[in-house]
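Here the structure is laid out as structure tokens; the discussion comes afterwards.
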Amino acid sequence: MNDAIRQTAQAIDDEFRSLEFARQAFPMLIDWGVEDFSITVHSLGCNYLSALGRELGFWAISEYPVRVPREGAAHSVRPDVAWWARKSGELALLGEFERFVPRMPGKLAEKARNLLQAHHTLGEQPRILLLVGWALAGTDIGSLDEVRAVVHNGFRPPDAPAVPALGQDSVFILAIAVFGDVKNKRRLLRMQL
């Protein structure tokens, strides 16, 4: 892993432990709370992660489609966020922000598969794959071993070539954004790493 990836991973870790930037730039997420309607929390989470990328010195956007190989058809996955290094223009991070639903535990593993497939499709340069699941405080997240296994072991899609594991030069960060329910509004309380 190169120094730039290591430093960026540390900066993300620092932010997730302190939520300093979130407090400064996203009071609706931390202080005011938002209605859990449609994709409101998802939109704010994606915007927070994109803004964090810009705060850390990257070019960053939300919703970045990546064409991935499938037999007989064009297919794409769309990571929620992408960050590019300003100097080199290299893609430094692909990320997802996804609601954890207890009755659908495979959803986070599906997002990990999308990230891994996008990473390999775009070329195996060192980068960070960031997966943030979000849930209400008190939700039993259970084991996230299935999610980690996707990234560490790779997988085989039914209609495409096998997708290898994440290389040693890249980093997988898995975090859970824990939200409180205050007067029917969702407020980010903490990030679990």
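Of the residues Trp83, Trp59, which single one is in contact with a helix residue (DSSP H, G or I) (Cβ under 9 Å, 6 or more places away or on another chain), surrounded by fewer than 16 Cβ atoms within 10 Å (Cβ to Cβ) and in a strand (DSSP E or B)? Just one listed residue meets the conditions, Trp59. Within segment 111-134, does at least one residue satisfy the condition of being at pLDDT below 95 and in a strand (DSSP E or B)? Checked segment 111-134: no residue is at pLDDT below 95 and in a strand (DSSP E or B). Of everything in segment 161-193 that is in a loop (DSSP other than H, G, I, E, B) and either basic (Lys, Arg) or surrounded by 15 or more Cβ atoms within 10 Å (Cβ to Cβ) (or both), the residue that is modelled with the lowest pLDDT is Lys183. Determine, yes or no, whether Gly95 is closer than 16 Å to Ile128 by Cβ and either outside any helix (DSSP H, G or I) or in contact (Cβ under 8 Å) with a residue 12 or more places away in the chain (or both). When the stated conditions are applied, Gly95 passes them. Among the residues of segment 144-160, the ones that are closer than 22 Å to Leu93 by Cα and either among the aliphatic types (A, V, I, L, M) or in a strand (DSSP E or B) (or both) come to 6 in all. The residue that is nearest to Thr139 (Cα to Cα), among those in segment 103-119 that are touching a strand residue (DSSP E or B) at 6+ places or on another chain (Cβ under 8 Å) and surrounded by fewer than 20 Cβ atoms within 10 Å (Cβ to Cβ), is Lys107. Beta carbons closer than 9 Å, at least 6 apart along the sequence or on distinct chains, pair a first residue in segment 175-188 that is at positive phi with a second that is surrounded by 14 or more Cβ atoms within 10 Å (Cβ to Cβ) for Lys183/Gly33; Asn184/Gly33; Asn184/Asp36.
The values are calculated or read from the model by the stated rules, or taken from the named source; none is laboratory data. Here the structure is a predicted model, which is why all the values come from computation and not from measurement. Cβ coordinates were reconstructed from backbone atoms using ideal geometry, including for glycine residues, and neighbour counts include every protein chain displayed.
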